[in-house]
Amino acid sequence: MTLSAGFTNPVADAQACFRSVLDAMARPGRIHTITGIVAPAPLCEATAAVLLTLADHETPLWLDSSTKAARDWIAFHTGAAIVPADRSTFGVALALPDLAGFPNGTDEMPETAATIIVQVDSLEAGQRFVLAGPGLREPAILAVTGLPPDFAALWQRNHALFPRGIDLILCAGVRLTALPRSVSIKDA
Amino acid sequence: MAYVAIKGGEQAIDNAHAWLAEERRGDTATPALSVSQIQEQLGRSVDRVMAEGSLYDRELAALAIKQAQGDLIEAAFLLRAYRTTLPRFAHSVAVETGSMRIERRVSAIFKDLPGGQVLGPTYDYTHRLLDFSLLGDETVAPETETAAGHVGTMPRVPDILGHEGLLEADAPSSREPGDLTREPLTFPAERDVRLQALARGDEGFLLGLGYSTQRGYGGSHPFAGEIRMGEVSVEIEPAELGFDIDIGDLIMTECQMVNQFKGSKTVPPQFTRGYGLVFGFGERKAMAMALVDRAMRAAELGEDVTAPAQNVEFVLYHSDNIEATGFVEHLKLPHYVDFQSELQNVRRMRKEAAE
Amino acid sequence: MAVLARASANEIDTLLTKHGSVPSHTILRGPEGGLVMVRGRAGGGGSAFNLGDMTVTRCTVRTESGFVGHAYVAGRETRRAELAALVDALMQDPDRAADLEVRVIAPLAAVQARHAAERAAKAAATRVQFFAMQTMRT
């Protein structure tokens, strides 16, 4: 087993990453930059950092098959059990998976829904979306390369479930942003 | 109706804390108490704080006792608060109390059981007379008597008695046990959750409840089948290794209470059992826990549920001293507005009565 | 690992460095403190329940020759976890395992066995002998 280290400064780096995720969830579409990690292929730095920050022994994890090469690293650093999508707390995918396959919470306990970390090609250029909802005084524009062409329509089905629904964290290279279930998305 | 935020008193609070620190230290002419002294010489306090704080760490428990000026509930509270800051790496494999390295083991139901009756460092048979020699810094005879005979591991009483079928057998299951530190208490509570709540419950509360069952409130005619104390090793299976590893020893106390049972439509008359297991040397707590565990099994065994100790909701909602102290002590926080409204009510009612 | 988990950092350090300095290594994770939820069984042998947490420190290291060692030890002593992980890594090396077994593990195990035997002998001295009862019956 070839293992590499996680964060350079485990406590400070994880706290900084947590703050970024928190802020990205509060202000959907805002881009944050991650430092202090060397990611194992095929994960990018942001995906690896978010995983180390959020997942642990008590958060069952679903991994899409394309992340196989990083599986040992993920198991070692998070200690999370690898489970089927419908039992997961977090998911990691290199392409948008079918959102219907994940727990989307209940009306009494909406917090039991899964959060999926989707690694995309770019968060700087590509297909443009208009985001609106809580945390956004004015509608915001987000450009993404690597989501399906009909993403806005797929998302609106998830958004309609509110307060239930899946939350997404999009990662590309060292950048990340978040799309909580509360945000409404249209093609720009 | 909204809450009214009131500011003020910050200076008073700072001064109160400063005075508290001074009071904690006491007269500086007396040497300061070290954490290792508490750990070594107040071991039973450490054990109790670990059990009720639900965290096994002797040094941290001793520190909490020092910080709380020996207030053991406050110390358990400190330990619980600290525990929430740590990530959980794993769940252990269930500890094997049958492999305990015995330091004390007694049975009140069999005189000559395999392994024998081992008293260990017990207060039983002391005369409960104050020992004035302890007023000084007395020296203890360095070596207690040792005997060549070996005390290692011993079979547990249920294993010895189980063969005849007169004693209820354990019912193993592979179900993942509930966890009160992760999911809030819900009812009906299964035995796994009940045992977790009892293990971290207040010793005094459980002692009183256990006593009540002996005095006829849900009488179940108990015998101390076995009490054992000693070191038990803890094993975990880390994901990256894929096999069990031994990570060290914990001191634990286990109690098997044996109770006569008249039988039911499906079960012949036999002895049933109540179970107690606690961190540290906690014989009184383990015995009380076993009595209350058995009392709470009344419904499962088809007995009438009449007494407080048999009422699962009553016991579990009130056994946690951290929750209890929080709710009782919150009464001293400002209730100015609540009281004003009550005052108005009483004035109005008196006025109406007078008219 | 059972032996290393019960030894102090100083004991491991002393035995390990008897023939030179602590072998150089890179830390892959930790040493970091956390918890293990200790489980018991209802009745001693029935279904599992969560008894309470214990403090645990873990560490993973890689030696210069590429062997990876893991340690999980009870308590909060970080140096002990790191040294235990290092010994675990060094023992993955078939050329060194036998030597370490003799030089480090065996002496630690002997100390622990002696300590356990002392406690067992004290316990044995408190074992009740019911000879008086037997005498009365005759």
Out of C:LEU28, C:LEU4, sole residue that is over 17 Å from the mean Cα position of the chain (by Cα) and either open to solvent by 10 Å² or more (accessible area, probe 1.4 Å) or touching a residue at least 24 places away in the same chain (Cβ under 8 Å) (or both):
C:LEU28
Can you tell me which residue in the stretch B:325-355 is farthest from the chain's Cα centre (by Cα), limited to those that are closer than 22 Å to B:PRO184 by Cα and open to solvent by less than 90 Å² (accessible area, probe 1.4 Å)?
B:HIS330
Kindly indicate the residue of the stretch B:246-258 that is at pLDDT 95 or above and β-branched (Val, Ile, Thr) and also most open to solvent (accessible area, probe 1.4 Å) among those meeting that condition.
B:ILE251
Identify the single condition in (1) without any contact (Cβ under 8 Å) to a residue 60 or more places away in the chain; (2) surrounded by 14 or more Cβ atoms within 10 Å (Cβ to Cβ) that B:LEU195 does not satisfy, given that it satisfies every other one.
(1)
Scan the stretch A:132-139 and give yes if some residue there is basic (Lys, Arg), in contact (Cβ under 8 Å) with a residue 60 or more places away in the chain and over 29 Å from C:GLU32 (Cα atoms), otherwise no.
no
Being open to solvent by 20 Å² or more (accessible area, probe 1.4 Å) and at pLDDT 95 or above narrows it down to one of B:LEU86, B:LEU55, B:LEU72, B:LEU79, so name that one.
B:LEU72
Could you figure out which of (1) under 22 Å from the mean Cα position of the chain (by Cα); (2) buried (at least 18 other Cβ atoms within 10 Å of the Cβ) isn't true of B:GLN117?
(1)
With the condition kept exactly as written, say whether any residue in the stretch A:138-154 is outside any strand (DSSP E or B) and closer than 20 Å to A:ALA46 by Cα.
yes
Which of (1) open to solvent by 10 Å² or more (accessible area, probe 1.4 Å); (2) at pLDDT below 90 does B:PRO238 not meet, given it meets every other one?
(1)
For the subset of the stretch B:184-215 comprising residues that are farther than 21 Å from B:ALA76 by Cβ and outside any helix (DSSP H, G or I), which member is farthest from the other protein chains (Cβ to nearest Cβ)?
B:ARG215
From the options B:ALA108, B:ALA90, B:ALA94, residue that is within 7 Å of chain C (Cβ to nearest Cβ), under 16 Å from B:PRO158 (Cβ atoms) and among the aliphatic types (A, V, I, L, M):
B:ALA94
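If I ask for residues that are assigned to a loop (DSSP other than H, G, I, E, B) and within 11 Å of another protein chain (Cβ to nearest Cβ), which ones from the stretch C:93-133 would you list? Let's see the steps before the verdict.
Initially, the stretch C:93-133 is screened for residues assigned to a loop (DSSP other than H, G, I, E, B), giving C:93, C:126, C:128-130.
Within the stretch C:93-133, C:THR126, C:VAL128, C:GLN129, C:PHE130 meet the criteria.
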Before we move on, is A:ARG137 surrounded by fewer than 15 Cβ atoms within 10 Å (Cβ to Cβ) and closer than 15 Å to A:ARG27 by Cβ?
yes
Considering every residue within the stretch B:219-233, establish whether at least one is facing chain C (nearest Cβ under 10 Å), touching a residue at least 40 places away in the same chain (Cβ under 8 Å) and open to solvent by 20 Å² or more (accessible area, probe 1.4 Å).
yes
Cβ-Cβ below 6 Å, separation at least six or inter-chain, first residue in the stretch B:68-83 and farther than 18 Å from B:TRP19 by Cα, second open to solvent by 40 Å² or more (accessible area, probe 1.4 Å): which pairs?
B:LEU72/B:ARG48
Scan the stretch C:6-58 residue by residue and report those that are at the interface with chain B (Cβ under 10 Å from one of its Cβ atoms), of a type in the set (D, E, K, R) and farther than 30 Å from B:VAL157 by Cα.
C:ARG29, C:GLU32, C:ARG58
From the set of residues in the stretch B:296-324 that are among the hydroxyl-bearing types (Ser, Thr, Tyr) and open to solvent by 30 Å² or more (accessible area, probe 1.4 Å), which is farthest from B:ALA189 (Cα to Cα)?
B:THR306
Meets criteria (within 30 Å of C:ARG41 (Cβ to Cβ), surrounded by 14 or more Cβ atoms within 10 Å (Cβ to Cβ), of a type outside the set (Phe, Trp, Tyr) and at pLDDT below 90) for B:ASP112
no
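The values are calculated or read from the model by the stated rules, or taken from the named source; none is laboratory data. Keep in mind that what you see is a predicted model, and the values were worked out from it rather than measured. Reconstructed Cβ throughout: ideal geometry from the backbone, glycine too, with neighbour counts over all protein chains shown. Ligands, DNA and RNA are stripped out before the accessible areas are found, and what is left, the full protein with its side chains, is counted by its heavy atoms. Shrake-Rupley method; radii C 1.70, N 1.55, O 1.52, S 1.80 Å.
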